[in-house]
Amino acid sequence: MPTLEELREKLDQVDDQIVELYEQRSKLTEEVGEYKIRNGIKVFDRQREHDKLQNVAAKATTDFNKKGIREIFEQLMSISRKKQYQQLVEAGALGRLPFIEVDSLHAEHARIVFPGTEGAYSQAAMQDYFGENCNSFYVRTFRDAMESIEEGAADFAVLPIENTTAGAVDEMYDLLVEFENYIVAETIIPITHTLSGLPGTKLSDIERVYSKGVALMQASRYLDEHSDWQQISVANTAIAAKKILDEQDMTQAAVCSAYAAKVHGLEILEDNINDNPNNFTRFIVVTNQKIFLKDAKKISICFEVPHESGSLYHLLSHFIYNDLNMSKIESRPIEGRNWEYRFFVDFEGNLADAAVKNAIRGLREESRSLKILGNY
């Protein structure tokens, strides 16, 4: 019976042969890539690969080996495709992506829309990015803001997309798919909630507290200390502050920002009532133009995957092979298709980079659909 070392030596010999055969195969697939480029043939042929996997798996002698051979050849063909996409880039066959590179957003004369009302966190984010004197107006909902820029009533919209404690703003992801609007910038601001009421209000007067549902959740520890207060959800924190002002009822208070309290003439009864003092929200700046800043460093995309084993894994491997750092992935259910999901990915890069073009080409070829949400 051979020793372990003897068995390992034999394995090494077989592995050397595998490496040699892999390099032979790689050279042949490069020749295939050159032929496809010359003749305008698509890199990815789903039916050809399906048939090939069936054929090679059938040659294995056991069920276990059939699965192993299939997995190996899935990887081999996936690697070959990525090499052929690189060949397309090197041959200049990818062309330009349908986005225009710009030096600046030329926002000095732009009209900006934000959701909510005066004093909303979205307004604070807008002023953080565009300055306090920007030409702006507000609408009631995220959808209203997206419609405003799609229709041309505004040049840019400032909208929340992610909070450090509440997570992703799911509605925004859905709206980015629905509308032909694109992310061109982002800004991150701290979220610090106050309990605010009419001037002269005492904590003992309060019976009802109004705010956005997420804000009530983010201040739950403080509010739980006052279990006799009724918590009522409204559209956003600034609307809660305005409600207190409009109704002039000292039994009511709002969970809102200090800025909203100031705008609506409220008195801060308690400051910094967040459960988590490190609470931040990321806002995106959206426009209806397919543009990106020359120094943009982050790309957001979304795609759907075939409902089959390994499909997401193979798509995400395009980031690995192009040395692109993926910083975020979210999933959302696809309406009308039970148990199927659309994936949203953020990764580092610029649309002018060859590696980015290569990855996007591969993702577009192999996914059910792909949309570039923006480069910023």
Enumerated strands (runs of 3 or more DSSP E) restricted to the range 152-221, each holding at least 2 residues that are under 19 Å from the mean Cα position of the chain (by Cα) and more than 18 Å from Ile239 (Cβ to Cβ): 156-163, 182-190
Could you please let me know if Ala254 is part of a helix (DSSP H, G or I), under 24 Å from Gln123 (Cα atoms) and outside the structural domain of Glu178 (by TED's automatic domain parsing)? no
Search result, residues across the range 207-230 that are among the polar types (S, T, N, Q) and within 18 Å of Gln248 (Cα to Cα): Ser211, Gln230
Would you be able to say whether some residue in the range 353-360 is in contact with a Phe, Trp or Tyr (Cβ under 7 Å, 6 or more places away or on another chain) and either part of a loop (DSSP other than H, G, I, E, B) or more than 21 Å from Leu293 (Cα to Cα) (or both)? no
Residue among Ala110, Ala91, Ala125 that is more than 25 Å from the chain's Cα centre (by Cα) and modelled with pLDDT of 95 or more: Ala110
Gln289 meets each of (1) assigned by TED's automatic domain parsing to the domain that holds Val184; (2) modelled with pLDDT under 95 with one exception, condition (2)
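Condition first: of a type outside the set (Asp, Glu), in a strand (DSSP E or B), in contact (Cβ under 8 Å) with a residue 12 or more places away in the chain and assigned by TED's automatic domain parsing to the domain that holds Leu370. Can you find one or more residues in the range 311-327 that meet it?
Yes, the range 311-327 contains at least one residue that is of a type outside the set (Asp, Glu), in a strand (DSSP E or B), in contact (Cβ under 8 Å) with a residue 12 or more places away in the chain and assigned by TED's automatic domain parsing to the domain that holds Leu370.
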Within the range 69-108, count every residue that is within 23 Å of Thr287 (Cβ to Cβ) and in contact (Cβ under 8 Å) with a residue 60 or more places away in the chain. 9
Please give the number of the condition Thr117 fails out of (1) outside any strand (DSSP E or B); (2) modelled with pLDDT of 95 or more; (3) polar (S, T, N, Q). (2)
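The values are calculated or read from the model by the stated rules, or taken from the named source; none is laboratory data. Every value quoted in this text rests on a predicted model; they were computed, and no experiment measured them. Here the Cβ is made from the backbone with ideal geometry for all residues, glycine too, and neighbour counts use every protein chain on show.
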